[in-house]
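Written below as structure tokens is the structure these notes are about.
Just so you know, all these numbers are worked out from the coordinates, no wet-lab data involved. This one's a predicted model, so the numbers in the text were calculated from it and none came from an experiment. Here Cβ is always computed from backbone atoms with ideal geometry, including for glycine, and neighbour counts include all displayed protein chains.
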Amino acid sequence: MARATVGARRAAAAATGTDPALDPGARLLALLERAERVLERFEQAFVPSAQPPDWGAAHAFRWRRRGAAAQLLPVRTPPAIRLGDLHGIDEHKRRIERNTRQFVAGRPANNVLLTGARGTGKSSLVKACLNKYAAKGLRLIEVDKADLIDLPELMELLVDRPERFIVFADDLSFDDGEPGYKALKSVLDGSVATQADNVLIYATSNRRHLLPETMRDNLGYAHGEDGELHPGEVVEEKISLSDRFGLWVSFYPFDQDHYLAIAAHWLQAFGATAEQAEAARAEALLWALERGSRSGRIAWQFARDWAGRKLG
């Protein structure tokens, strides 16, 4: 605002033939403008850069920003989920595990977007891949949506490391205008601050296109002479982020048989016999009915409740 005002005063002075240096108001505004620039440089010089963590402290880390300071915090007790614990998603496991194996081996691999029904194993699958390949140098860094704007700074920390990193954004969705959206889009494709060769981005979401879609968006569709529909700019923008993920994997709600198989697996993992797991089928179905969902998460929650009641 000060800069624009000074410019306007100078233009007015030039038009009237007066000397802007003699205008006290212009001199004051120019002084304030210079002071503001000095203050900005001072702040930039003293904002602390994120420091590398103790990479040997953990296999998983969280990127956290508190005010001006950001750091990578080790997760000392990550989930112990294994690929063998995930049932009913065999093709999903095959595709994600293969991509991760290629990445760990230093071969070309894709950024991954896992979308679909809640509780079907999207996040668990990513964590299970970490558990399988951690001994071969794989590391996981979880970044909250609000902190995605820090991705270029995070890449600077990772680029020269020998490990292979999955930057994990869980339950991702954006509202219009959020800064993290453009930051992620730039890192995935087309920015000078591109992602490092030893980094992939895995994201999970209940939305395929990550942005809310409204009826108003349809007004931008154009009709070709042959009757073909062409999406408008708003729709194109909303699908452009998803397009930058090279691998899409979609998850769907489980049917009853899959749900019961998962419940039986977790019951036995908690110490039940096969006969006890079979006898608990009716209770498992009632649990799902009360929750209004059949998913891996619901089956796991039922098994924990049943084991706590029956095996304690």
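Extension gain, N110 to T77: 0.36 nm times the residue separation minus the Cα-Cα distance gives 9.1 nm. Relative protection proxy for 278-284, 125-131, from highest mean packing down: 125-131, 278-284 (other beta-carbon atoms within 10 angstrom). Taking every alpha-carbon pair within region 256-310, the share separated by more than 19 Å comes to 11 percent.
Take the Cα of L28, step 7 Å toward its Cβ, do the same at S173, and the gap between the two points is 5.1 nm.
Let me make sure I get this right: for region 97-205, a, b and c are the square roots of the gyration tensor eigenvalues over alpha carbons, sorted descending. Under 1.5 in a/c it's rounded, otherwise prolate if a/b > b/c, else oblate. Which is it? Before the final figure, lay out the partial values.
On the way: a/c = 1.93, a/b = 1.13, b/c = 1.70.
Cα axes put region 97-205 in the oblate bin.
Given R0 = 51 Å, the distance between the Cβ atoms of A269 and V159 translates into a calculated FRET efficiency of 0.80.
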